[in-house]
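The values are calculated or read from the model by the stated rules, or taken from the named source; none is laboratory data. What you see is a predicted model, and the numbers here were worked out from it, not measured in a lab. Heads up, the Cβs are rebuilt from the backbone with ideal geometry, glycines too, and the neighbour counts pull from every protein chain shown. For the accessible areas, the whole protein counts, side chains as well, though only heavy atoms, and no ligand, DNA or RNA atoms are used. Shrake-Rupley method; radii C 1.70, N 1.55, O 1.52, S 1.80 Å.
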Amino acid sequence: MQHFPIFLATAGRRIVLSGGGEAALAKLRLLLKTPARISVFAAKPAPEIAAWAAAGKLELRRQALQAGDLDGTALFYAADEDAAEDARTATLARAAGALVNVVDNLEDSDFITPAIVDRDPVTVAIGTEGAAPVLARVIKADLEARLPVTLGALARIGKGFRKMAEALPLGRPRRDFWADYYFNAGPRAMDHGGEDSVRDRLDALLDDHLARPARPGHVAFVGAGPGDPELLTLKARRALDKADVVIHDRLISPEILELARREAILVDVGKEGFGPSTPQGEIDALIVAHARQGAQVVRLKSGDCTVFGRLDEEIDACDAAGVTWHIVPGITAASASVAAIGQSLTRRGRNSAVRFLTGHDMQGFADHDWAQLARPGEVAAIYMGKKSARFVQGRLLMHGADRATPVTVIENASRPEQRVLATTLDALPADLADAEMHGPALTFLGLAPRAAAAAVPNLQKEFA
Ligand code: SAH
């Protein structure tokens with residue numbers, strides 16, 4: 001985004017334009033919709049400009065712009081349609097500290113004027129950074145047709161009613177009220193009897209909504225998958241679409257958070273392996289507090305929320321508070337990682353069971369656990385296993401594991417930065433240290449990437 005769209009407050013600001021022809025007229029028609037103080041410098045102004053000056057809508061100076069003419073200018077339009085004159089006036093304006101637009105000259109402009117759909121106070125600005133003016137015109141025409149002309153009036157009346165609407169609880173009840181107003185009751189009242197009838201209708205509508213029983217809050221525990229937004233389930237997308245509050249871990253990718261409703265409150269509770277994190281008790285309390293206020297809460301966890309996600313503690317907190325909940329499963333990191341290396345988690349004749357382990361509390365493993373894991377053909381997926389690699393290696397070798405047992409570490413599975421480190425139990429700690437993996441990584445004991453998977457460009461063999 002080379003040009004950042006903003007809406008500029010124009011009341012009391014000075015906007016200066018040099019030029020008196022077609023280009024000047026086009027810009028002035030837009031500028032006159034604002035309360036800005038407008039000055040036009042034109043030796044030969046079009047009659048419309050002279051008329052606007054006569055009506056007191058702008059100040060007209062029938063002379064070429066000079067250095068002293070630009071005091072307090074916020075925006076300047078060079079609209080003489082003459083390259084040399086535009087360059088001269090633009091230089092003067094820039095020296096005076098104004099932001100400059102040279103009409104039809106993107107390169108020399110500090111800002112550009114978008115195509116505008118005007119339903120004041122609702123304004124849609126469309127820009128293509130000069131890439132496709134035709135496209136901007138088509139989009140504008142499309143929106144002009146789609147947005148009722150009464151939208152502006154509804155918004156203006158609605159704005160005056162915002163304080164009153166605060167009688168409704170924040171969140172869903174207030175949103176439902178406004179949705180009803182803009183898309184249902186408002187337009188109907190407008191059709192029926194114009195703005196007065198809209199104003200009359202608002203009070204009754206508010207009473208009607210105040211009388212509705214409050215919808216109880218609810219928590220959806222949602223698995224966000226391993227990172228690729230396309231690996232979200234449809235149910236996860238729908239839950240994000242409806243959420244008032246999204247409480248998420250740090251591993252959740254920005255592309256996925258983008259899918260939440262614009263107005264949703266996003267809370268990062270920063271739970272990530274060993275890094276700084278919000279204490280679990282606080283997370284539980286946060287979930288419950290939002291749900292009790294009537295919010296539809298999405299508790300978004302990476303992968304599948306039932307795998308190493310401390311889900312039960314959060315569910316217990318909901319149960320204790322009488323808050324309803326449900327679980328939306330997701331694709332766990334082991335599934336995405338095994339896909340990345342073209343293998344399957346189980347295989348006839350090799351392993352009929354697969355273990356999901358966490359590197360976090362392996363210290364507590366009993367001897368028989370290690371003895372089982374050390375057997376040939378065993379497959380285990382170790383989550384959060386980077387730091388414990390040397391410990392795991394030591395225990396397994398102690399229990400008789402083959403040094404040549406394949407081990408594969410997949411970092412950032414399913415994400416663009418995905419990396420695969422294929423190694424052996426023997427070389428694991430050293431290779432892992434060399435690879436300097438800083439993203440989330442999953443370690444497979446007993447699995448090597450399938451040879452054919454090496455052909456996938458994403459699969460890096462540099463550590464193999
Ligand atoms: N509930 C999650 C796991 C949470 S524990 C799930 O089902 O996947 C966090 C650990 O998951 C990380 O330390 C890492 O081991 C693993 N992990 C999460 N996303 C990953 C990814 N995209 N690639 C590799 N490992 C990942």
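If I ask for residues that are outside any loop (DSSP other than H, G, I, E, B) and either buried (at least 19 other Cβ atoms within 10 Å of the Cβ) or not polar (S, T, N, Q) (or both), which ones from region 88-111 would you list?
Residues satisfying the conditions are Arg88, Thr89, Ala90, Leu92, Ala93, Arg94, Ala95, Leu99, Val100, Asn101, Val102.
Within region 57-66, if we keep just the residues that are within 47 Å of the chain's Cα centre (by Cα) and closer than 23 Å to Leu92 by Cβ, the residue that is most open to solvent (accessible area, probe 1.4 Å) turns out to be Gln66. For the criterion of being loosely packed, with under 12 Cβ neighbours inside 10 Å, in contact with a strand residue (DSSP E or B) (Cβ under 9 Å, 6 or more places away or on another chain) and under 27 Å from Asp120 (Cα atoms), Ala54 passes. Select from region 28-83 the residues that are acidic (Asp, Glu) and in a strand (DSSP E or B) and list them in ascending order. Of everything in region 28-83, just one residue is acidic (Asp, Glu) and in a strand (DSSP E or B), namely Glu59.
Please determine, by comparing only the residues of region 179-202 that are among the hydrophobic types (A, V, I, L, M, F, W, C) and without any contact (Cβ under 8 Å) to a residue 12 or more places away in the chain, which one is most open to solvent (accessible area, probe 1.4 Å).
So the residue we want is Phe183.
Residues that are in the same structural domain as Thr34 (by TED's automatic domain parsing), surrounded by 16 or more Cβ atoms within 10 Å (Cβ to Cβ), in contact with a helix residue (DSSP H, G or I) (Cβ under 8 Å, 6 or more places away or on another chain) and over 20 Å from His3 (Cα atoms) are absent from region 112-131 altogether.
Suppose the filter is within 16 Å of the ligand (Cβ to nearest atom) and either within 41 Å of the chain's Cα centre (by Cα) or under 21 Å from Asp431 (Cα atoms) (or both); does Arg355 pass it? Before the answer, list the steps.
On the way: within 16 Å of the ligand (Cβ to nearest atom): yes; either within 41 Å of the chain's Cα centre (by Cα) or under 21 Å from Asp431 (Cα atoms) (or both): yes.
Taking the combined requirement at face value, the residue satisfies it.
Residues of region 406-420 that are open to solvent by 40 Å² or more (accessible area, probe 1.4 Å) and either without any contact (Cβ under 8 Å) to a residue 12 or more places away in the chain or over 33 Å from the mean Cα position of the chain (by Cα) (or both): Pro406, Pro416.
Of the helices (runs of 4 or more DSSP H) contained entirely in region 328-436, those carrying at least 3 residues that are within 19 Å of Leu251 (Cα to Cα) fall at 333-340. Looking only at region 387-400, decide whether some residue is in contact with a strand residue (DSSP E or B) (Cβ under 6 Å, 6 or more places away or on another chain) and within 16 Å of the ligand (Cβ to nearest atom). So far as region 387-400 goes, no, none of its residues is in contact with a strand residue (DSSP E or B) (Cβ under 6 Å, 6 or more places away or on another chain) and within 16 Å of the ligand (Cβ to nearest atom). For region 19-38, the set of residues classified as within 23 Å of Asp120 (Cβ to Cβ) and open to solvent by less than 20 Å² (accessible area, probe 1.4 Å) consists of Ala24, Leu25, Leu28, Leu31, Ala36, Ile38, listed by residue number.
Applying the set (1) buried (at least 18 other Cβ atoms within 10 Å of the Cβ); (2) modelled with pLDDT of 90 or more to Gly171 leaves exactly one unmet item: (2). Mind listing just one residue for me: the one in region 423-446 that is small (Gly, Ala, Ser) and open to solvent by 50 Å² or more (accessible area, probe 1.4 Å) and, of those, farthest from Gly225 (Cα to Cα)? Applying the filter and picking the extreme gives Ala430. Taking strands (runs of 3 or more DSSP E) as the structural unit, those lying wholly within region 203-272 and holding at least 3 residues that are away from the ligand (no atom under 15 Å from the Cβ) and surrounded by fewer than 17 Cβ atoms within 10 Å (Cβ to Cβ) correspond to 265-268. Condition check: surrounded by fewer than 17 Cβ atoms within 10 Å (Cβ to Cβ) and of a type in the set (Phe, Trp, Tyr). Does Phe7 satisfy that? Yes; evaluated as a whole, the condition is true for this residue.
What about Ala371, is it under 29 Å from Arg450 (Cβ atoms), away from the ligand (no atom under 16 Å from the Cβ) and in contact (Cβ under 8 Å) with a residue 12 or more places away in the chain?
Spelling it out, Ala371 is indeed under 29 Å from Arg450 (Cβ atoms), away from the ligand (no atom under 16 Å from the Cβ) and in contact (Cβ under 8 Å) with a residue 12 or more places away in the chain.
Kindly check whether there is at least one residue in region 356-375 that is at pLDDT 95 or above, within 27 Å of Glu436 (Cβ to Cβ) and open to solvent by 40 Å² or more (accessible area, probe 1.4 Å). Checked region 356-375: at least one residue is at pLDDT 95 or above, within 27 Å of Glu436 (Cβ to Cβ) and open to solvent by 40 Å² or more (accessible area, probe 1.4 Å). Looking only at region 347-354, decide whether some residue is surrounded by 15 or more Cβ atoms within 10 Å (Cβ to Cβ) and among the basic types (Lys, Arg). No, that holds for no residue. Taken together, the residues in region 294-309 that are farther than 15 Å from Thr332 by Cβ and open to solvent by 20 Å² or more (accessible area, probe 1.4 Å) amount to 1.
Filter region 437-452 down to the residues that are among the hydrophobic types (A, V, I, L, M, F, W, C), assigned to a strand (DSSP E or B) and closer than 21 Å to Ala374 by Cα, then identify the one that is nearest to the ligand (Cβ to nearest atom).
Across region 437-452, the extreme among qualifying residues is Leu442.
Only one of the numbered conditions (1) polar (S, T, N, Q); (2) modelled with pLDDT under 95; (3) open to solvent by 20 Å² or more (accessible area, probe 1.4 Å); (4) not assigned by TED's automatic domain parsing to the domain that holds Met384 is violated by Gln280, and that is (3). Of the residues making up region 326-342, just one is away from the ligand (no atom under 12 Å from the Cβ) and crowded, with 18+ Cβ neighbours inside 10 Å, namely Val328.
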